[in-house]
Amino acid sequence: MSAFVGKYAEELIKNAKYIATPGKGILAADESTGTIGKRLSSISVENIESNRQALRQLLFTSPNALSYLSGVILFEETLYQKTSDGKPFVEVLEESNVIPGIKVDKGTVEIAGTNGETTTQGFDSLGARCQQYYKAGARFAKWRSVLKIGPNEPSELSIQQNAQGLARYAIICQENGLVPIVEPEVLTDGPHDIQKCAAVTETVLAAVYKALNEHHVLLEGTLLKPNMVTPGSDSPKVAPELVAQYTVTALRRTVPPAVPGIVFLSGGQSEEEATLNLDAMNKLEVLKPWTLSFSFGRALQQSTLKTWGGKKENVGKAQEAFLSRCKANSEATLGKYGGGSAGGLASESLFVKGYKY
Amino acid sequence: MSCFISKYADELAKNAAYIGTPGKGILAADESTGTIGKRLSSINVENIEENRRALRELLFTAPGVLQYLSGVILFEETLYQKTAAGKPFVDVLKEGGVLPGIKVDKGTVELNGTNGETFTQGLDGLAQRCQKYYEAGARFAKWRAVLKIGANEPTELAIQENANGLAMYAAICQQCGLVPIVEPEILVDGSHDIKKCADVTERVLAACYKALNDHHVMLEGTLLKPNMVTPGSESPKVAPEVIAEYTVRALQRTVPPAVPAIVFLSGGQSEEEATLNLNAMNKLQTKKPWSLSFSFGRALQQSTLKAWAGKEENLKKAQDALLVRCKANSEATLGTYKGDAKLGEGAAESLHVSNYKY
């Protein structure tokens, strides 16, 4: 094959397929220490390890929530944390058939000579780190590449750099037993229309799949985490049906059927928006040879966070809020979401300009 | 979109989807004058226009055949020919629900500095020619790029040049209302195994789809005409199920779902082999978001040609032979072929010609 079939091939294919199970999706709980600090401070909670541990425990032990998840992406610190009863988080997840994943990139740096475009770091000792994470129980990884839309962006340099970076990361993961989630996020920032976003998304995805082929990545053992195709943040919003149409068309034009699942990022969308858009995609009557699901961070945790407010007495209610979003998104992956699990918090936009995490 | 939406966009998508109708496929009858000459001489028939016309009339008026075809690829001369009764071939086809197609490339030339690798010519004035062909009734086009497997082949140069050529041709066709069939044929010549063929096929197809994206081609209005994934001509044959598995997997890894149909070339396979392989692919229980059909030249015409032998009194026998192959391949697109086609003389005969040019 032009794909590398190493000792983990069968396992990679099995795990990727499982993560893509209809009715399930991914909780992205891999906020770096700095980023989770911003979340905690927004609810006036101190950014110390025990609070970070308490938040993730709240999420992972929410009754029944795990049944709607096939995977959770963790930050390195969290991979080694335990519940207050001393049970490793990894075990909590595994017992409920949720695959632990790990963020392996080390953030973005600017590409000199461009207008603020970036490339992603994290290659140093990546293979060795992946091996360690595998030993600790991780079975998939995530690496976020970022592109932006502007008059001259994304540049060919930025597209090539990010596509090559994703491909190199992906093959290293596969050599070490981790299913790579390939995430080429095209930021929503800007006044452009949905057609522009579609054109850029298609160009970027085509470059990504060419690079994956060059690097011998086994597509059956990968997942894609793209942006939905939407108007820019400074442009008027459109209906979920339109987002669905443009998004699925872009994916049909670029993503080979060998990829088992596509797990969307939520970008700056509110919890409810993200769910409605995902639902509309799954309702679309057109051939989709990969499952369409979620890998949401903010769009799964926002109301939960606010409801918790850092207080022990709010844990139960916060967990209910979390369960509600998980269930809603599970239904959305089946095209069966009826709307209405939007509390006021769920409709709040989560857009942050030039988002880094 | 990153693709250019020509004024023909809806028509292109509609025609491409129609060509991919399950149960139907393409008859590749676009042999150039030189190539058809070789076929005719193999049955001792003189290569003059009247004989070329007679052969094509035999094919297009064969009773019951057109229902199994969604398209026929023609050579330029044939596009303007008529039946003996004076009816344009194009009308015969249209009335039978078959879209006329046209070969638009002008053959291959060697790439300097390579070991016999080639690129395909025909871009000069292509838009004007396509417009003319559209006016004459053509609704799809075909352009054959050729790659070979060798110790150091295909080279990156050959892959890039051919992918780029295909993409430019495709973009021009769409601007003129013709659905481009994208054909990156990897020759079967060689002693390599099926894994090598799969490897090369995946690499070549990935390059093609990147080039198509770069050139803003609308995939919904294209078709793919690839080789099946098989062992080299000098290697032992394998079962149709194995060919099906490797072929479909290569396609799953490279061909986006927006492409409505994949119409295989038969390469040097015998008529029966090609049908059995196509059938095995359609029986395979796996993700196939594009229909899998045929665009066969030799693998549809071989027994017909032999049965005809240029003699008017053999007309019915020859047309019956064509019907047998068309029906068999139609069933193969549905995965229902039972291998029971009345084999005409030569149906099991290999049609491999080393380093095939046409």
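The values are calculated or read from the model by the stated rules, or taken from the named source; none is laboratory data. Predicted model, so just to flag it, every value in this text is computed and none were measured. So basically every Cβ, Gly included, is an ideal-geometry build from the backbone, and we count neighbours across all protein chains shown. Accessible surface is based on the protein model in full, side chains and every heavy atom, while ligands, DNA and RNA are left aside. Shrake-Rupley method; radii C 1.70, N 1.55, O 1.52, S 1.80 Å.
Tabulated values for the structure
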item	result
For A:Leu69, residues with placed amide H under 5 Å, excluding near neighbours	A:Gly25
3J(HN,Hα) from dihedral phi, the range B:176-186, Karplus parametrisation 6.51/-1.76/1.60, rounded to Hz, x for glycine, proline	10, x, 9, 6, x, 8, 9, 10, x, 7, 9
Heavy-atom accessible area ranking, 1.4 Å probe, most first, across A:Glu46, B:Glu272, B:Glu77	A:Glu46, B:Glu77, B:Glu272
Under-5 Å amide H pairs with B:Val179, H placed in peptide plane, nonlocal only	B:Phe140, B:Ala141
Where only C-alpha atoms are counted, convex hull volume of the range A:4-155 per residue in Å³	170 Å³
Inter-label distance, nm, simple model (7 Å from Cα along the C-beta direction), A:Gln131/A:Lys283	5.1 nm
Per chain B, cysteines lacking a partner by the 4.7 Å Cβ criterion	B:Cys3, B:Cys173, B:Cys197, B:Cys208, B:Cys326
Size of electric dipole in the range A:187-326: Cβ of Lys, Arg +1 and of Asp, Glu -1, about Cα centre, debye, nearest 20	280 debye
Value of [θ]222 nm, deg cm²/dmol, for the protein assembly as shown, DSSP H segments ≥ 4, -39500 (n - 2.57) each, nearest 500	-13500 deg cm²/dmol
Those residues of the range B:1-36 for which accessible area with every protein chain present is at least 10 Å² below the isolated value (1.4 Å probe)	B:Met1, B:Ser2, B:Cys3
Cα gyration tensor shape for chain B, rounded if a/c is under 1.5, else prolate or oblate	rounded
Charged-residue dipole, Cβ positions (Lys, Arg, Asp, Glu), the range B:253-351 about Cα centre, Debye nearest 20	360 debye
The range B:49-112, accessible area per residue, ligands and nucleic acids excluded (1.4 Å, Å²)	39 Å²
Calculated P(r) of the protein assembly as shown - Cα pairs past 37 Å, %	42 percent
Solvent-accessible area buried by pairing A with B, both sides, nearest 100 square angstrom, 1.4 angstrom probe	2300 Å²
Efficiency of FRET between A:Phe123 and B:Val353 - r from beta-carbon atoms, R0 51 angstrom, step 0.05	0.55
Ordering of B:23-33, A:99-109, A:121-131 by packing [mean C-beta count within 10 Å, highest first]	B:23-33, A:99-109, A:121-131
The range B:143-264 - accessible surface per residue (Å², probe 1.4 Å)	27 Å²
Sites B:Asp91 and B:Glu313, calculated FRET efficiency, Cβ-Cβ separation with R0 35 Å, nearest 0.05	0.80
The range A:158-235 and the range B:42-108: distance between their alpha carbon centers, rounded to Å	46 Å
Among A:Gly165, A:Gly190, A:Gly338: highest mean-square fluctuation, GNM of chain A, C-alpha pairs under 10 Å	A:Gly338
Potential extension, B:Thr155-B:Val109 segment - 0.36 nm per residue separation minus Cα distance	15.0 nm
Selection from B:Asn44, B:Ile159, B:Leu223, by position along the positive dipole direction of chain B (Cβ)	B:Leu223
Chain A: most fluctuating residue of A:Val229, A:Val200, A:Val182 per GNM, C-alpha cutoff 10 Å	A:Val200
Anisotropy class of chain A from Cα gyration tensor, a/c 1.5 cut	rounded
Cut-off under 5 Å, modelled amide H: who pairs with A:Val186 long-range	A:Leu147, A:Asn227
Accessible-area composition of the protein assembly as shown, carbon plus sulfur, in percent [1.4 Å probe]	52 percent
Estimated FRET transfer efficiency (A:Glu313, A:Lys14; beta-carbon r; R0 51 Å; 0.05)	0.75
